Structures are given as C-alpha cells and as structure tokens.
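A.B. asks: One structure coming up, written as structure tokens, with questions to follow.
The values are calculated or read from the model by the stated rules, or taken from the named source; none is laboratory data. Note that the coordinates shown come from a computational prediction; the quantities given were computed from them, not determined experimentally. All Cβ positions, glycine included, derive from the backbone under ideal geometry; neighbour counts span all protein chains shown.
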C-alpha cells in the first residue's frame, strides 16, 4: 500500500537522514537515445493491482478527478470507451508515441488502452479518471509501483531521474516517551535560498525555528531546491499536538544574481519537488507533487514554465497541512485518501 497522501516528501527524507553534501561525481558520459521531452509530454503513471474478479491489473495514467456525491453508488473500477470519457469531461489521452519509465528501468514502449473511472472513498469522495496503458510488464520490485510516461518519437534512453538529497536541516526529535525534544544540531539553509525565507520573531524558549531543505544537483551544480521552514510556538509538553506553527514551503530554482526563485505557477498549494528529468544537455523538466496532484515544468533558470498540472484525487486541506509540518508527530489527519486505484503508487523515489 502506498504511503499517506501519496507524495514524495523531501522534508521527510531530511527529517530521517543526517544532512550530507551533494554528490561529488564527475559529469556522466553522454547516453545513447533521445533526450527528455518537454514538460507537456511528461505524465505520472501508476501500477494498479486488483483482484482478478474485480478488474484489471496494469499500468494507468491518471488524468482528472471529479467530486462524487455522498451516497452515490458507482463501481470501484470500470473501463470506459472514448465517448463516455469525453462526455464526462475527461481530458484527452497523451498523444504520440509513449514510453513508460521507472526510476530503475529502461524506457518501455507503451500503448494507450481504454479510459477508466476509479472510485476513491476519501473524504472527500471522488471519481478519478484516466487511461490504461498496455505493453509494459509489472514492476519487478513490488515496492516500485510508480513511474512516468514520456511522449517521444524515439526511445528516451538519455533521459534520467535526479532526485533531491538533504542538504540542510534543523529538526527536533521524539524520545522514547513520545515527547518532542528541541533540536540539538543544525545545518544552515543554503545561501541561495536563505533570502527567500520570511523574517519571523522566533526565539527560544517560546519558539523554535525548524527547517528541512533538499537539493537537486546536476554535474555538481545545484539546479533546484525543495523544503519547508516552520516557526513552532512551544507550549506545555502535554499539549504538544496542539502547538501552532507558521509555515513556509515550496520549491525553488536558481535566479539572477545567485538568489533562488520560488516556483508558484499553477499551484493552489505549495508543491514538493520530487525529481528533475535530465539528459545530455542538462536539466529539462521538473516534477513536483502534492496530495492528489502533480505538475510538470520546463526547466529554465529563474523562470520554469508550467507544462501541465493534473489533479487525480481530491484531497482535504489537512492533507496539505501535513506536507510541510516539521513539529511533533501526532495522530494523522482523520481523512485518509485511498490509493488510485487500489494499491496504485505514483512516482515516489524515496523509501
């Protein structure tokens, strides 16, 4: 089963791992094959596992989510023809030659199959629509149930993933008694990102500033950052789950003069950068995720351009609150969105 909110959280990685410097490897040798397509030709895919009596198991590309009226009776999963999908307002399937990739596999030539509608209990309840993919085998690793689909005339063998690695953190810890303890060590926020952090009056013991920042490097140069900062108001230990925090989060790219620029186009809530797609020419596409949605961007220093945004599941506001929460870990939000469809997992490069 996929993790809550189905999101690749760089801040979760930073919280669980000690900060470390970026990779010091040499620039990779050119790789044969076509490069990465434009951001408009990049889609997230999921592998669906269902019982034989309940429906198809295989790869799907989610395209849209629609609200489902409370008490409505619909199948858990059903295939649709193009006419029915169009009547429901489902966007067109990706057009052109398609290639399915995962973080550990070479491109596989895929073909568009039927449209589908999958019920997601929520709350809020919704119907998720998309298109089935044919021609590619199930993941060899049961834990790897997500990938991406690239629109490319030739096999994009030169396109690869680069995921964020933790570079800065100041995080508390939970002791054996499940009490949150103040940070005892920190790694400073990168100089390029630091000027973007809002100024807050936050001094111990009444307030603690927490942060977790990840970085994507290409050829030993930072090309993007993602993370969060919290200003946590410290109260009584017995009420730590009620402590309030002001938060700032998002993802960033280098801008003019060396200062980072926050990427906000197409976002109702801040998204988390999960990967950069890179080829022999350098970074080409940024992939950012949030609860039930993702967005792709054509990379450009200082001004990435939105390729498209897909909302494949309706998520409650508390799901977004959980994304950039860095304080005490308490009971999860009451709303628990189900995977899309059952046991599907979008691209998640982190364990």
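A.B. asks: Just checking, which of 196, 232 is buried (at least 18 other Cβ atoms within 10 Å of the Cβ) and in contact (Cβ under 8 Å) with a residue 24 or more places away in the chain?
C.D. replies: From the options 196, 232, the qualifying one is 232.
A.B. asks: Turning to a different aspect of this structure: From 79, 70, which residue is in contact (Cβ under 8 Å) with a residue 12 or more places away in the chain, farther than 22 Å from residue 308 by Cβ, over 22 Å from the mean Cα position of the chain (by Cα) and part of a loop (DSSP other than H, G, I, E, B)?
C.D. replies: Selected residue: 70, the only one of 79, 70 that is in contact (Cβ under 8 Å) with a residue 12 or more places away in the chain, farther than 22 Å from residue 308 by Cβ, over 22 Å from the mean Cα position of the chain (by Cα) and part of a loop (DSSP other than H, G, I, E, B).
A.B. asks: Within segment 218-263, can you find the residues that are out of contact with any strand residue (DSSP E or B) (no Cβ under 7 Å at 6 or more places or on another chain) and over 20 Å from residue 179 (Cβ atoms)?
C.D. replies: 219, 220, 221, 256, 257, 258, 259
A.B. asks: Also, quick follow-up: Can you name every residue in segment 42-59 that is outside any loop (DSSP other than H, G, I, E, B) and more than 17 Å from the chain's Cα centre (by Cα)?
C.D. replies: 48, 58, 59
A.B. asks: Could you check how many residues of segment 253-269 are more than 15 Å from residue 299 (Cα to Cα) and in a helix (DSSP H, G or I)?
C.D. replies: The total comes to 2.
A.B. asks: When segment 206-223 is examined, which residues are found to be at pLDDT below 95 and outside any strand (DSSP E or B)?
C.D. replies: 219, 220
A.B. asks: Can you give me the ranges of the strands (runs of 3 or more DSSP E) entirely in segment 139-191 with at least 3 residues that are touching a helix residue (DSSP H, G or I) at 6+ places or on another chain (Cβ under 9 Å)?
C.D. replies: So the answer is 146-151, 165-170.
A.B. asks: Same structure, new question: Considering only residues that are crowded, with 19+ Cβ neighbours inside 10 Å and closer than 17 Å to residue 312 by Cβ, which ones fall in segment 81-99?
C.D. replies: 85, 90, 93, 94, listed by residue number.
A.B. asks: All but one of (1) farther than 29 Å from residue 163 by Cα; (2) in contact with a strand residue (DSSP E or B) (Cβ under 9 Å, 6 or more places away or on another chain) hold for residue 121; which doesn't?
C.D. replies: (2)
A.B. asks: Here is a follow-up. Which residue out of 211, 225, 243 is crowded, with 20+ Cβ neighbours inside 10 Å and over 22 Å from residue 309 (Cα atoms)?
C.D. replies: Within the list 211, 225, 243, the selection yields 211.
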